[in-house]
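K.L.:
The structure follows.
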Amino acid sequence: MASTDAAVKRAQVLVASNRGPVSYTVDEGGALRARRGGGGLVSGLSAIGSDADSLWVCAALGDGDREAVRRAGGGLLPAEDSGGQRVRMLDIDARVHADAYNGIANSVLWFVHHMLYQTPLEPVFDAEFRRQWASYETYNRAFAEALAEAAADGAAVLVQDYHLCLVPGMLRELRPDLRIGHFSHTPWAPPEYFRLLPDDIREQLMAGMLGADRVAFLTQRWADAFRDCAQAVLESGMPADTRIGVHGLGADGDFLRKRAHEPDVEERMAALREEIGEGRRTIVRVDRTELSKNIVRGLLAYRQLLEDHPEWRERVVHVAFAYPSRQDLAVYRDYTDAVQRVAEEINSAYGTVGWTPVVLHVKDDFARSLAAYRLADVALVNPIRDGMNLVAKEVPVVSDEGCALVLSREAGAYEELGPHAFAVNPYDVLETARALHEALSLPDAERAERSKRLADAATALPPARWFLDQLRALQELQPS
Ligand code: F6P
């Protein structure tokens, strides 16, 4: 691995994640185009300021990223590409990365924590799985080595998510002086489901995670599940000094309210109003098309609503944005097809000359998402299981007239928003249809009142505070 320059070695605060804050494409003339991302980590690291000796270590995800690493000489990326943030992108062998990311992280760990397997046929832990697991170890080791090399004495390292479960343990061996935190952005599986994994893999995952001084989760429920798994896996039980934290991530109210009133959003609103038609209510959902988001059952519930309450026909439109995610995996592509098929079935069964019951878009467009949020009368967020779900928090913040929220009890956001939402079992389409009817039937004043309570709860923990709380908790620990 290429060595880092002297500036990198001084980093006092390090973040490690698979996907970094910037990604690259190469245009036709061979020039690199950088695209900056958003999210809680980006806001958090900006909040600590540029003097804070921070470094973000991430993986190169595509050919553009790999080219950017090559041009950067294997070291830091140009700071202007990432808004001043220092970023070191690791050019891990593409096959190793694909095995670790698609094979293990997305096809095994994501499935375990979201409980997605159709167990009569899967999972199958065979020789191919073991080969991919070896890549997952190699990939985690690349991160651990890069962090060990770049961290100053006693630095705080914040490792993110299921891609990097082994990093804390590996890094602890290389650099016992560091303060290491691990944060899970997903749910954590209950012990009965975690037991699907081979014994040695469960032990390795736990040993990796518990190499951290502190592991943290988005809700108490996921933190409790982790503790239960650790007790079940470890012969000696959970180490007495393990700290488990809970940090709920809220919506960035100031940013969203401002961004949602920019001209491109106004333009998208005009176009959406055309598609929806005059005077109709809207049920809005916006998701990355992940298997856990439950978009198909959401459509089935909407169809049930039109069956049970024909008075809503012509008077409501389901605006559903299902943006592509993890398209290297066939099961994700098939799921996107199923979403499109069911939406088309509803439109051909119920649609009329002037009314399209489902307006479905699958091309990612943030400005259009904000436009839909502003127009929403009802937000539908019905995941099978979700670490938090920020859409549930963002829609009420942005909605112009106030919106009601139909929310799955299995979303992490339910812990904070549940009292102000219409709660549903995500598998029960009849109950979801009833909840949609109740939400649509709310008098305007009550809907606006509920929306305000939702927005207050949703913005209680803005992203910068979410990050700074974790950092402070880690820095206050005595070095082990
Ligand atoms: O949304 C949950 C999450 O686990 C995030 O923490 C993480 O950034 C993302 O999913 C990973 O998605 P992708 O596979 O597109 O990088």
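K.L.:
Can you say whether Ala16 is within 22 Å of Glu145 (Cα to Cα) and modelled with pLDDT of 80 or more, as far as the supplied structure shows?
P.N.:
Details: within 22 Å of Glu145 (Cα to Cα): yes; modelled with pLDDT of 80 or more: yes.
Against the criterion (within 22 Å of Glu145 (Cα to Cα) and modelled with pLDDT of 80 or more), Ala16 qualifies.
K.L.:
Could you list all residues from region 20-45 that are within 19 Å of Trp466 (Cβ to Cβ) and open to solvent by less than 30 Å² (accessible area, probe 1.4 Å)?
P.N.:
Going residue by residue through region 20-45, those that are within 19 Å of Trp466 (Cβ to Cβ) are 20-21, 37-45.
Gly20, Pro21, Gly40, Leu41, Gly44, Leu45 - these are the residues of region 20-45 that are within 19 Å of Trp466 (Cβ to Cβ) and open to solvent by less than 30 Å² (accessible area, probe 1.4 Å).
K.L.:
Scan region 184-239 residue by residue and report those that are aromatic (Phe, Trp, Tyr) and within 16 Å of the ligand (Cβ to nearest atom).
P.N.:
Of everything in region 184-239, those that are aromatic (Phe, Trp, Tyr) and within 16 Å of the ligand (Cβ to nearest atom) turn out to be Trp188, Phe217, Trp222, Phe226.
K.L.:
Is it the case that Glu431 is of a type in the set (D, E, K, R), surrounded by fewer than 22 Cβ atoms within 10 Å (Cβ to Cβ) and farther than 14 Å from Gly298 by Cα?
P.N.:
Numbers: of a type in the set (D, E, K, R): yes; surrounded by fewer than 22 Cβ atoms within 10 Å (Cβ to Cβ): yes; farther than 14 Å from Gly298 by Cα: no.
No.
K.L.:
Looking for whichever is under 25 Å from the mean Cα position of the chain (by Cα), among the hydroxyl-bearing types (Ser, Thr, Tyr), buried (at least 24 other Cβ atoms within 10 Å of the Cβ) and within 16 Å of the ligand (Cβ to nearest atom) here; the options are Tyr162, Tyr139. Which one fits? First the steps, then the outcome.
P.N.:
Values: Tyr162 fails: buried (at least 24 other Cβ atoms within 10 Å of the Cβ).
Criteria check complete, one pass: Tyr139.
K.L.:
Can you pull out the residues in region 312-335 that are within 19 Å of Leu380 (Cα to Cα) and within 14 Å of the ligand (Cβ to nearest atom)?
P.N.:
Hits for region 312-335 are Tyr323, Pro324.
K.L.:
How many residues does region 73-116 contain that are acidic (Asp, Glu) and within 16 Å of the ligand (Cβ to nearest atom)? Break it down stepwise before answering.
P.N.:
Residues of region 73-116 that are acidic (Asp, Glu), as a first pass: 80-81, 91, 93, 99.
Within this subset, residues satisfying the condition of being within 16 Å of the ligand (Cβ to nearest atom) are 99.
Final tally of qualifying residues: 1.
K.L.:
Within region 117-126, does at least one residue satisfy the condition of being within 16 Å of the ligand (Cβ to nearest atom) and in contact with a helix residue (DSSP H, G or I) (Cβ under 9 Å, 6 or more places away or on another chain)? Outline the logic, then answer.
P.N.:
First, the residues of region 117-126 that are within 16 Å of the ligand (Cβ to nearest atom): none.
Checked against the condition, which is being within 16 Å of the ligand (Cβ to nearest atom) and in contact with a helix residue (DSSP H, G or I) (Cβ under 9 Å, 6 or more places away or on another chain), region 117-126 yields no hits at all.
K.L.:
Hey, could you check region 402-428 for residues that are in contact (Cβ under 8 Å) with a residue 40 or more places away in the chain and open to solvent by 70 Å² or more (accessible area, probe 1.4 Å) and say which is nearest to the chain's Cα centre (by Cα)?
P.N.:
Taking the candidates together, the pick is Glu415.
K.L.:
Moving on to the next point. When region 392-401 is examined, which residues are found to be touching a strand residue (DSSP E or B) at 6+ places or on another chain (Cβ under 7 Å) and either surrounded by fewer than 24 Cβ atoms within 10 Å (Cβ to Cβ) or among the hydrophobic types (A, V, I, L, M, F, W, C) (or both)? Lay out the reasoning, then the answer.
P.N.:
Step one: list which residues in region 392-401 are touching a strand residue (DSSP E or B) at 6+ places or on another chain (Cβ under 7 Å), which gives 392, 395-396.
Scanning region 392-401 gives Ala392, Val395.
The values are calculated or read from the model by the stated rules, or taken from the named source; none is laboratory data. Note that this is a predicted model, so its numbers are computed, not measured. Note that we place each Cβ from the backbone using ideal geometry, even for glycine, and neighbour counts take in every protein chain shown. Just the protein is used for accessible areas: all its heavy atoms, side chains included, with ligands, DNA and RNA removed. Shrake-Rupley method; radii C 1.70, N 1.55, O 1.52, S 1.80 Å.
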